[in-house]
Amino acid sequence: MSLRTKMIASVFSLLLLAAWENHKEAETMHKAVPIASAHIVQTMHVKHEVRGKEVFVECIVNNFSFKKGARHKKDGEGHIDVYLNGQKVNEVFTAAFVVKGLPAGKHTVRLELVHNDSTKYGVSHEFEVNIP
């Protein structure tokens, strides 16, 4: 299976997983759950692959929906801020994305999960890449 096919399959799988999680959340919404116990601890698992001058990134975030645009702060919604060598370079609103055009050398990539209003969840992942 080609790498492109694997990436497409991975993205499709993430979309199915997100849809299933939303379906499960909809089912549990009918149950009486105290609001005080509704706080969910976010976790983020990251896979990455370097291809030439690009880094393909895939993030799995539990109980989370990526939302684009100015919105009010809501737990379980937001986006990822992407930092390269300590400088913010992008905001991404999808679980899988590509960091393009990196110069040759060693780079540190940090991903931070943030709310819709750009306040931080306190969840991040950092990794190093070496661009040939």
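The values are calculated or read from the model by the stated rules, or taken from the named source; none is laboratory data. Model, not experiment: these values are computed from the prediction. Note: ideal-geometry Cβ built from the backbone for every residue, glycine included; neighbour counts use all protein chains shown. These accessible areas exclude ligands, DNA and RNA; they are computed on the full protein's heavy atoms, side chains included. Shrake-Rupley method; radii C 1.70, N 1.55, O 1.52, S 1.80 Å.
If amide H atoms are built 1.01 Å from N in the plane of the peptide, which residues on other chains or at least 5 residues away come under 5 Å of the amide H of Tyr121?
Result for Tyr121 returns Leu113, Val114, His115.
Order the following by accessible area, largest value first: Arg71, Arg110. Probe radius 1.4 Å; ligands, DNA and RNA are ignored.
Details: Arg71 120, Arg110 60 Å².
My answer, sorted largest first, is Arg71, Arg110.
Tally Lys/Arg at +1 and Asp/Glu at -1 over every other residue whose Cβ is under 12 Å from the Cβ of Gly69; what's the total?
0
Determine the order of Ser118, Ser65 by accessible area, beginning with the largest, at a probe radius of 1.4 Å.
Ranking Ser118, Ser65 by accessible area, largest first, yields Ser118, Ser65.
Restricting attention to the alpha-carbon atoms of the stretch 33-132, what are Rg (one decimal) and Dmax (integer), both in Å?
Radius of gyration, then largest Cα-Cα span, for the stretch 33-132: 14.6, 53 Å.
How big is the dipole moment of the stretch 71-126 about its Cα centre under a simple scheme where the beta carbon of each Lys and Arg is +1, that of each Asp and Glu is -1, and everything else is neutral? Debye, nearest 20, please. Can you show the working numbers first?
Details: 8 positive and 7 negative charges, 27 e Å.
It comes to approximately 140 debye.
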